[in-house]
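Bear in mind these aren't lab numbers, they're just calculated from the coordinates by the rules spelled out. What you see is a predicted model, and the numbers here were worked out from it, not measured in a lab.
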Amino acid sequence: MTKRGSSNERGYNYKWQKARRLWLLNNPLCRYCDEAGYVVRATVVDHIEPHRGNDELFWDQTNWQSLCKSCHDGAKQSEEKKGYSTAVDENGWPIDDNHPVNERDKKAKKNRGGVKKL
Ligand SMILES: [Zn+2]
């Protein structure tokens, strides 16, 4: 293993560990599971928009979401590849507004004040 990471980077990690622990205390449930109607404890703080090393995105809490491991490893990864989540609700309808089937309803949905289309 090559030695990398300045003291600055170590501080960064420590700050993140503290921040994510606090976040999970305040946001203890997996967001995807919650949207699908399941109560599942989240263990991962995920960046909604991949930060790719961008400091601002990384620390922007509006860009954070709590996920359980299986959602993070499953749905989230396909989301990053495709640009949308393949997670579905209990009716099998994709949850993500960016999913192609939801795209066409987006505008109408907004006009109706975000009422869920089933
Ligand atoms: Zn989950």
Amide H partners (placed H, <5 Å) of Val88, local residues excluded = Ile95
Please give the length that would be gained between Asn98 and Arg52 if that part of the chain were fully extended, namely 0.36 nm times their separation in residues minus their C-alpha to C-alpha distance (nm, one decimal).
-> 14.5 nm
Roughly speaking, what is the stretch gain from Lys15 to Leu29, that is 0.36 nm per residue apart minus the C-alpha to C-alpha distance, in nm to one decimal?
-> 2.9 nm
